[in-house]
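Structure record follows, encoded as structure tokens.
The values are calculated or read from the model by the stated rules, or taken from the named source; none is laboratory data. Owing to the predicted nature of the structure, the values given are computational and were not obtained by experimental measurement. Neighbour counts run over all protein chains shown; Cβ positions are idealised from the backbone, glycine included. For the accessible areas, the whole protein counts, side chains as well, though only heavy atoms, and no ligand, DNA or RNA atoms are used. Shrake-Rupley method; radii C 1.70, N 1.55, O 1.52, S 1.80 Å.
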Amino acid sequence: MLYINDMNVYYGSSIHAVKGVSFEVKPGEIVSLIGANGAGKSTILKTVSGLLRSRTGSITFDGKEISGYEAHKIVSMGLAHVPEGRRVFSNLTVEENLEMGAYTLKGNVEEVKKDIFSRFPRLLERRHQIAGTLSGGEQQMLAIGRAMMSRPKLLMLDEPSMGLAPILVEQIFDIIKELHQAGVTILLVEQNARKALEIADRAYVLETGKIVMSGDGKTLSESDDIKKAYLGG
Ligand SMILES: Nc1ncnc2c1ncn2[C@@H]1O[C@H](COP(=O)(O)OP(=O)(O)OP(=O)(O)O)[C@@H](O)[C@H]1O
Ligand SMILES: [Mg+2]
């Protein structure tokens with residue numbers, strides 16, 4: 001579904017944040033990308049979704065070369081991105097936030113909204129609440145719900161569990177599993193390596209802009225190197 005071949009991303013002329021990265025996400029998979037702070041995870045997602053450009057290589061989504069496409073065009077093709085830090089429109093209501101997520105939707109907005117509300121009853125309860133006053137976990141749900149409003153085939157999530165209490169981390173991972181069961185392919189970026197490997201069909205490990213290891217989630221979580229570096233020994 002998504003092929004990334006030889007991605008090289010720079011900030012300015014001196015910072016080489018992503019160094020020749022290649023990987024793929026197959027239809028129906030959950031693929032996790034793990035790595036320390038500054039490894040380049042968010043940069044990769046931003047480049048896939050058209051917010052940054054790779055200097056080399058190609059990005060193929062659903063059989064089409066998308067590098068160079070505008071971000072809104074990529075969303076309309078079925079690739080949605082939930083950025084780091086639950087960026088909701090804090091002055092808009094929950095419902096208005098969801099509607100903003102439907103800007104590329106060709107189908108019926110009310111119908112899709114109903115579907116999202118049934119998946120996220122908490123958002124339904126709070127549909128008229130100003131998003132900036134939601135709790136951290138609720139804002140993360142809203143950010144995911146908003147991305148789902150475009151009816152994506154592939155959903156990219158950037159650290160959805162960041163800063164959440166353990167019980168909410170469980171809830172967010174349950175939501176990811178449910179979306180996956182509903183047929184959405186997932187590319188997940190996480191610092192919570194344990195949970196990210198547990199949920200993943202396959203995973204890639206990123207260190208200072210390069211993929212240094214890959215494999216199925218279970219095998220990686222049993223590797224001594226991974227245990228030492230990412231799972232606390
Ligand atoms: N706008 C920017 N300008 C300059 N350098 C940047 C910019 N954004 C990111 N970088 C640098 O690029 C590298 C990769 O950053 P990126 O945000 O992709 O890492 P990350 O793996 O998502 O880290 P984290 O887990 O902390 O979110 C880092 O060294 C970072 O300092
Ligand atoms: Mg990041």
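With the structure loaded, tell me whether residue 86 is charged (D, E, K, R), touching a Gly at 6+ places or on another chain (Cβ under 8 Å) and within 16 Å of ligand 1 (Cβ to nearest atom) or whether it fails that test.
Here the answer is yes, as residue 86 does meet what is asked.
Quick check on my filter: what residues within the range 9-18 are within 16 Å of ligand 2 (Cβ to nearest atom) and either closer than 10 Å to residue 209 by Cα or surrounded by 14 or more Cβ atoms within 10 Å (Cβ to Cβ) (or both)?
9, 17, 18
Looking at the range 170-196 only, could you name the residues that are in a helix (DSSP H, G or I), open to solvent by less than 50 Å² (accessible area, probe 1.4 Å) and within 16 Å of ligand 1 (Cβ to nearest atom)?
193, 195, 196
Step by step: first the residues of the range 59-76, then only those that are outside any helix (DSSP H, G or I) and open to solvent by less than 30 Å² (accessible area, probe 1.4 Å), then the one that is nearest to ligand 2 (Cβ to nearest atom). Which residue is that?
By that ranking, first place goes to 59.
Of all residues being assigned to a loop (DSSP other than H, G, I, E, B) and touching a residue at least 24 places away in the same chain (Cβ under 8 Å) in the range 107-120, which is nearest to residue 78 (Cα to Cα)? Just the residue, please.
107
Can you work out which of the residues in the range 140-170 that are within 16 Å of ligand 2 (Cβ to nearest atom) and touching a residue at least 60 places away in the same chain (Cβ under 8 Å) is farthest from residue 76 (Cα to Cα)?
162
Restrict the check to the range 29-48 and report whether at least one residue is away from ligand 2 (no atom under 16 Å from the Cβ), open to solvent by 10 Å² or more (accessible area, probe 1.4 Å) and either touching a residue at least 40 places away in the same chain (Cβ under 8 Å) or of a type in the set (Gly, Ala, Ser) (or both).
yes
So residue 87 clears everything in (1) more than 16 Å from ligand 2 (Cβ to nearest atom); (2) of a type in the set (Lys, Arg); (3) more than 27 Å from residue 201 (Cα to Cα) except one condition, right? Which one?
For residue 87, the exception is condition (1).
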